[in-house]
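Inspection log for the structure reproduced underneath, given as structure tokens.
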Amino acid sequence: MDDLLKNLNEPQRLAVTTTEGPVLVIAGAGSGKTRAITYRVAYLIGAKRIPPRNILAVTFTNKAAEEMRNRIYKLLGVTELESWIGTFHATCARLLRREADRLGFTRDFAIYDESDQLLLIKHCMKKLSLPEREYNPHAILSRISLAKNKMLFPDAFREKAGDDFEATVGNIYKLYAEALRENNAMDFDDLLCNALLLLLQYPECSEKYRSFFRYVLVDEFQDTNRVQYELVRELAREHHNLCVVGDDDQSIYSWRGANVDNLFDLQKEFPEATVVFLEENYRSTQSILDAANAVIANNSKRKPKKLWTKNDRGKNVMWCSAPDEHSEARRIIGEIRRLRQENPEMGNSDFAVFYRTNAQSRVLEDEFRAAGITYVIVGNVRFYDRKEIKDTLAYLRVLANPADSVSLRRIINVPPRGIGKTTLERVGEFASDRRTALLEALGHASEIPQLRADARQSLLKFHEYISRLIRQKNDLSAADLVREVINTSGYAEMLTQDPSFEAQARIENLAELVSAAAETGEKLNDFSLDAFLQSVSLQSDVDGWDERMDAVTLMTLHMAKGLEFTAVFMAGMEEGLLPHANALLSEKSLEEERRLCYVGITRARKHLVFTSADVRRIRGEIEVNEPSRFLAEIPDELMDAEESVPDSRLVRDEHYQEMPDYEDGFRVGDIIEHSTFGTGVINTVSGSGESAKVGVRFYRDNKQRDIVVKYASLKRR
């Protein structure tokens, strides 16, 4: 065991050998927290002779649990242990398999995954005569999950309902809970809640497990929700030998119930706890750590700590400002090529590009494809392969080609309209018999036998809706058609009902599709639907990237936690993106955005580049964005800033196309015409060339708007 301790620094050694009483390990990014917690378990077993079965070690992912288990086996020189090492859910399931009969379940209860849960939710809605087209099952399931994470059960939920929708969710929740019990089943949230109920309602059960688990260890404690916190507290109540490892500066999952306050509350619960700070970083250069320290120091609610390293100081971090998001992506590509040229040992897999929202990947993917650089999207599918994008494109394909029955079948009941499989089969048979297109057959629904009255009405209504859009398609640009489909098909309404993080990301992806359509029109000087669909078909017909190849990694900042790369690019460092627009009204949310930025910074080993765009197309409109406040929090001496540069100075590729010509040389007082906002007068002029901007007061609504001349197609009057 002495040899084992030699591999640890002094704070790590303290975290490992302080075995008795509560221990709170505040482990900064890259400080070797996994080593500390695995060595602690090995030390308890090898040096203190604690039976492995009396040690509970909990983490958040199966991968982390497996890694912890394997490291401990290797340290102890064994191939197997009778241990309780696993995720919260696996641990609770194991406990409930022994005790579920106390709660009215058999010990072979089923565990329902999300698809099972959705089927059950839909069944409950059907019982209450609630149509899916009005109540989104995903949204309802998300609300119920959030309630369970707060230990808010059906009766209490219904009492607290603030509106009719919440009351309806409460009614579904009650039926859903009853149905789970009838099916002898639990969902993932139930595993946690029922394990806690078991400990709180059955003292003899609580005493049994409190006595059994002499030592409790929890990794990533900043990611725990309230139920998990209460579980840990209850199990450690007898021996008080609780060790939690976490970093308040890396708490970035509040949207799924994680509560950073748990770290602070634990210290209040156990004031006698030994607090150990792991601040020596083994990953990054000191320059990168200084930038991270400078940013996170602006958060008020945190445990003060300062990362340091014995690694080289390294180069300053870099900030590249580009004229627009495509130039930004090309600048990233240029830097990757430059770094690879200067460092021949580096491959594409040494590089990662992080961004705040999934929607940002679209432009990056376009430019990486054009440059011929292999990339891989981690934790998500490529932009044009995402369900909401494919669904919307299917609508557009039906408008462009009414005979496209494949696309029509995809979207006829998306969002749900009460048009089921049987109904569609009968329509298909009718169309086949009449030798007519499926869409045309919908218009003859009243002639189709054996259809329910409500299904017949839904078919006629959908046919009229699609027919109206077909009549309008030649009068609207592709971008306007995308916007029209999203807003009038019910798709946007379906997503806005769902409060989940995933639904918000899908809404942002749809807004990005509007931008893609507008951008394509400007690039091709053809704003038609046909031109856009052809462009998309050419872009998305590249499904053959091999993820085992040497590829640049593209991912959201939330997915980046726990990873590291030699060179990291953080794209979209702008107000409204990072920090996200939704976080600007709340100091608590803003601090989480800052933590997200900190997580991104601390993934980089040697090279860190921030990028931003002066203007960015959002929801189809050009917006002028200020650089992120987080950039201003990094001292000048730590960061080399590079101003916007014209594309001619970027690393170019034969695939790139210049933007169309535009009128320049506007002056204050000029009267101009804008295609969207109408007539206005120029009040301010700034910048030049591709960065030229004008401030225009428009007559129609008397609003002042900043316009980027390059993109606006302004005409003098």
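Just so you know, all these numbers are worked out from the coordinates, no wet-lab data involved. No experiment lies behind these values; they were computed from the predicted model shown. A quick note on method: Cβ atoms are made from the backbone with ideal geometry, for glycine too, and the neighbour counts reach across all protein chains shown.
Tell me the net charge near Lys606. Cut-off is 12 Å between Cβ atoms, Lys606 excluded, with +1 for each Lys or Arg and -1 for each Asp or Glu.
So the surrounding residues net to 0.
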>> For a quick check: sort Asp498, Asp706, Asp223 by the number of other beta carbons within 10 angstrom, fewest at the front.
In response: Asp706, Asp498, Asp223
> Sorted by mean Cβ packing within 10 Å, highest first, what order do the peptides 154-162, 288-296 take?
Replying inline: 288-296, 154-162
>> Distance between the C-alpha centers of the stretch 1-56 and the stretch 203-274? Whole Å please.
In response: 17 Å
> Tell me, Ile332, Ile634 in order of fewest to most beta-carbon neighbours within 10 Å?
Replying inline: Ile634, Ile332
> In straight Cα distance, which lysines are under 26 Å from Lys127, not counting same-chain residues fewer than 8 positions off?
Replying inline: Lys148, Lys160, Lys174, Lys421, Lys461
>> Nearest 5 percent is fine: what portion of the DSSP beta bridges confined to the chain is antiparallel?
In response: 30 percent
> Using θ = phi - 60° and the Karplus form 6.51 cos²θ - 1.76 cosθ + 1.60, what ³J(HN,Hα) does each residue of the stretch 165-177 get, whole Hz, x for Gly and Pro?
Replying inline: 5, 4, 5, 5, 4, x, 5, 5, 4, 4, 5, 4, 4
>> Quick check on my link table: of Lys6/Lys268; Lys606/Lys693; Lys473/Lys715; Lys126/Lys150; Lys268/Lys310; Lys523/Lys588, which ones sit more than 31 Å apart, alpha carbon to alpha carbon?
In response: Lys6/Lys268; Lys606/Lys693; Lys268/Lys310; Lys523/Lys588
>> Sort Asp249, Asp190, Asp480 by Cβ crowding within 10 Å, fewest neighbours at the top.
In response: Asp480, Asp190, Asp249
> If you put +1 on each Lys and Arg Cβ and -1 on each Asp and Glu Cβ, how big is the dipole of the chain around its Cα centre, in Debye rounded to 20?
Replying inline: 1320 debye
> Candidates (i) 41, 36, 20; (ii) 41, 29, 27; (iii) 47, 38, 22; which is the computed semi-axes √(5λ) of the Cα gyration tensor in Å?
Replying inline: (iii)
>> I need the trypsin sites (Lys or Arg not before Pro) found in the stretch 545-597, filtered to DSSP loop residues with at most 10 other beta carbons within 10 Å of theirs.
In response: Arg548
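List the GluC sites (Glu not before Pro) in the stretch 245-324 that DSSP assigns to loop (not H, G, I, E or B) and whose Cβ has at most 15 other Cβ atoms within 10 Å. Which are they? Don't jump to the answer; show the numbers that get you there.
Working: sites: Glu269, Glu272, Glu279, Glu280; in loops: Glu272, Glu279.
Within the stretch 245-324, the qualifying GluC sites (Glu not before Pro) (loop, at most 15 other Cβ atoms within 10 Å) are Glu272.
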> Which loop trypsin sites (Lys or Arg not before Pro) in the stretch 352-452, with loop taken from DSSP, have no more than 14 other Cβ atoms within 10 angstrom of their Cβ?
Replying inline: Arg435, Arg452
>> Going by Cα centres, the stretch 497-521 and the stretch 127-169 are how many Å apart?
In response: 25 Å
>> With +1 assigned to the C-beta of every Lys and Arg and -1 to the C-beta of every Asp and Glu, and no other charges, what is the dipole magnitude of the stretch 132-183 about the Cα centre in debye, to the nearest 20?
In response: 240 debye
